[in-house]
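I have placed the structure first, in the form of structure tokens, so that the comments after it can refer back to it.
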Amino acid sequence: MRILPVLCALLLLVLQGVTGLSPVGASAQECERRGGFCSHRSCPPGIGRIGLCSEREFCCRMRWYP
């Protein structure tokens, strides 16, 4: 019974990569499609983070986007 939580965690990691929830699948084109832009460190003040462009870049967008 102790192996069940380990198997569940492993299954979750595998499914996360398969379903596209991993940040590796993020791209600048997807960010721009959502009305945002990529920022290297963090989003400027007054701008919210809506996702990832890559492992080191955030996708940012104004908070009140139409």
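Laboratory data are not the source of any read-out in this text; all were calculated from the coordinates shown. Bear in mind that the values here come from a model prediction, so they are computed numbers and not experimental data. Positions of Cβ are backbone-derived with ideal geometry, glycine not excepted, and every protein chain shown enters the neighbour counts.
Judged by the mean number of other Cβ atoms found within 10 Å, the most tightly packed of the peptides 33-43, 48-58 leads the ranking 48-58, 33-43. Amide H contacts for S54 (H built 1.01 Å from N in the peptide plane; partners 5 or more residues away or on another chain; cut-off under 5 Å): none found.
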